[in-house]
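Visitor: Provided herewith is a single structure, encoded as structure tokens, for subsequent inquiry.
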Amino acid sequence: MGRPDPEEGQLPAPVKPPDGGWGWIVLLGCFVITGFSYAFPKAVSVYFKELMKDFHVGYSDTAWISSIMLAMLYGTGPVCSIMVNQFGCRPVMLIGGLLASAGMILASFTTNIIELYLTAGVLTGLGMALNFQPSLIMLGTYFDKRRPLANGLAAAGSPVFLSSLSPLGQVLLEKFGWRGGFLIMGGLLLNCCTCGAVMRPLDMGMKRKMGKAQDKYEAKEMLPIGGKSEEGISTTDGTKKGKKAKKKPKKGKKLLDFSIFSNRGFIIYTISKFILVLGLFVPPILLVNYAKDTGVPDTEAAFLLSIIGFIDIFARPACGMVAGLKWVRPHVAYLFSFSMLFNGLTDICSARASNYTGLVIFCVFFGISYGMVGALQFEVLMAIVGSQKFSSAIGLVLLIEAFAVLIGPPSAGRLVDALKNYEVIFYLAGSEVVLSALFLGVASYCCLNRGKKEPPPENNPSAGGGSDTEEAESDVQEAEEHSSDNHQPAHSTDNAVVVANEEANHVAEEQRGEGGGCPAGDGEVLARDVCNADQMVERDSF
């Protein structure tokens with residue numbers, strides 16, 4: 001009674017997030033998963049030069065490996081949502097860790113670029129997707145007040161792993177070749193299984209057991225001692241079983257809640273993220289090859305990604321702390337818009353960087369802006385849709401972003417092959433990011449803030465005591481439903497009706513005393529309505 005049934009929604013009834021405790025272990029697991037999910041597709045770019053030599057392919061062909069990984073990470077979002085709602089986060093993450101590792105191990109034995117697409121791209125990308133989304137859902141389950149900070153700390157896993165995986169990949173490439181590097185990377189991905197094992201769901205079973213025991217205790221206290229008490233308890237249990245039997249067809253529930261598309265904030269967020277992803281990942285994916293083509297040694301070129309990662313490490317937690325401030329958190333969408341604008345302008349202003357110093361300066365500012373975007377993107381989505389609908393929302397958003405991922409980096413690679421000029425690529429990517437920032441900021445201000453400023457409709461004073469009458473009648477109806485749900489004796493229902501009648505009569509006397517609230521005959525109509533309701537309840541209980 002009063003407790004939501006977990007079978008009716010996508011997730012069980014919400015438990016108050018602990019904002020700590022085991023949540024810090026969950027945060028650590030989410031940190032590792034986020035690091036692998038976002039840094040791995042970029043770190044693989046270290047191997048692209050060798051892959052181009054061995055398979056005789058161009059930039060666009062090798063760029064498809066990272067694009068397919070990211071596309072699987074995003075495009076399988078609805079599948080992950082369905083699996084999480086059906087089986088829970090922990091089993092899905094364990095399977096994902098095994099798939100991610102198997103994909104890279106199999107990729108080390110491939111003989112052509114198509115096999116690389118299927119193994120390192122599809123299989124590893126799917127495995128990381130089955131880890132990434134459930135970890136975010138668990139993070140939102142364990143944190144509420146500290147959620148912006150938790151999101152910032154978890155997002156810091158991406159730069160930490162990027163700053164370590166890129167130099168590690170370069171070392172593995174020099175000592176073992178790209179095949180040995182892929183094999184060792186596959187072994188590292190098995191750590192995702194460990195992270196999935198610590199994703200312990202908040203215990204709901206104990207609460208349900210305590211609720212059942214409390215219902216039986218209340219039934220014993222309200223009913224007379226003896227056979228009627230046992231009969232009442234059995235009736236209560238039988239009624240609940242009947243309700244569960246009626247709810248069994250609801251097991252074919254909606255595993256994806258498409259009602260979130262009626263939320264204007266969600267629509268604005270989705271469109272802006274689609275435009276953002278078109279250009280966000282292009283600079284870091286092509287940065288290493290760009291530096292190598294300008295004459296930068298291979299080791300120093302790989303170190304550029306480490307610079308982005310190092311700056312990003314501090315930018316994400318710092319931005320999460322700022323987003324958690326009381327006066328900033330209600331306006332976190334505008335902070336997200338500013339971070340995207342900062343990132344886009346960084347791409348545009350650094351398009352002509354032609355030496356190593358210029359590239360280092362670009363990496364510093366790109367790391368700050370990229371960290372801000374990474375720390376805020378899922379916090380904004382959680383603030384828009386809430387934690388209960390977040391599992392469906394993130395799945396649908398990632399699916400839509402997958403199309404942008406498949407368009408952005410491969411198109412940039414084709415332009416590089418055709419134009420042999422990276423300047424155009426940076427201008428194009430920066431313009432797309434700036435456009436997404438402007439759309440989010442302007443649309444949020446025009447569509448959301450103006451809607452909030454509209455005053456609520458005022459009650460018509462000429463209606464008199466109509467609203468009070470409806471409240472009195474609703475009290476009677478609530479008393480009827482209360483009695484039918486708990487199967488209490490007839491005298492408890494009559495008591496509830498008497499209380500409702502007294503409230504209705506009190507309202508009618510006040511209206512007659514004031515004289516201006518309603519016509520003279522409204523009091524009699526009110527009394528007749530309540531009496532009719534009283535007689536109906538008595539017949540039901542009789």
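Table: residues versus (1) in contact with a helix residue (DSSP H, G or I) (Cβ under 7 Å, 6 or more places away or on another chain); (2) open to solvent by 20 Å² or more (accessible area, probe 1.4 Å); (3) at pLDDT 90 or above; (4) under 30 Å from Leu202 (Cβ atoms).
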site	(1), (2), (3), (4)
Ala102	yes, yes, yes, no
Leu106	yes, yes, yes, no
Phe109	no, yes, yes, no
Asn112	yes, yes, no, no
Thr124	yes, no, yes, no
Gln133	yes, no, no, yes
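Visitor: Which one of the conditions (1) modelled with pLDDT of 85 or more; (2) open to solvent by 20 Å² or more (accessible area, probe 1.4 Å) does Asp417 fail to meet, given that it meets all the rest?
Guide: Asp417 satisfies every listed condition except (1).
Visitor: Taking region 47-61 as the search range and keeping residues that are at pLDDT 85 or above and in contact with a Gly (Cβ under 9 Å, 6 or more places away or on another chain), which one is farthest from Ala402 (Cα to Cα)?
Guide: Going through the qualifying residues, I end up with Glu50.
Visitor: For Val171, only one of the following conditions fails: (1) within 24 Å of Gly75 (Cβ to Cβ); (2) assigned to a helix (DSSP H, G or I); (3) free of Cβ contacts under 8 Å to residues at least 60 places away in the same chain. What is its number?
Guide: (1)
Visitor: Under 9 Å between Cβ atoms, which residue pairs at least 6 apart in sequence (or on different chains) link something in region 39-55 that is farther than 12 Å from Ser166 by Cβ and not assigned by the TED database to the domain that holds Gly181 with a partner that is open to solvent by 10 Å² or more (accessible area, probe 1.4 Å) and of a type outside the set (D, E, K, R)?
Guide: Matching pairs, first to second residue: none at all.
The values are calculated or read from the model by the stated rules, or taken from the named source; none is laboratory data. This is a predicted model, so every value here is computed, not measured. No Cβ is skipped: glycine too gets one built from the backbone with ideal geometry, and neighbour counts run over all protein chains shown. Please note that ligands, DNA and RNA were not included when accessible areas were found on the heavy atoms of the full protein model with its side chains. Shrake-Rupley method; radii C 1.70, N 1.55, O 1.52, S 1.80 Å.
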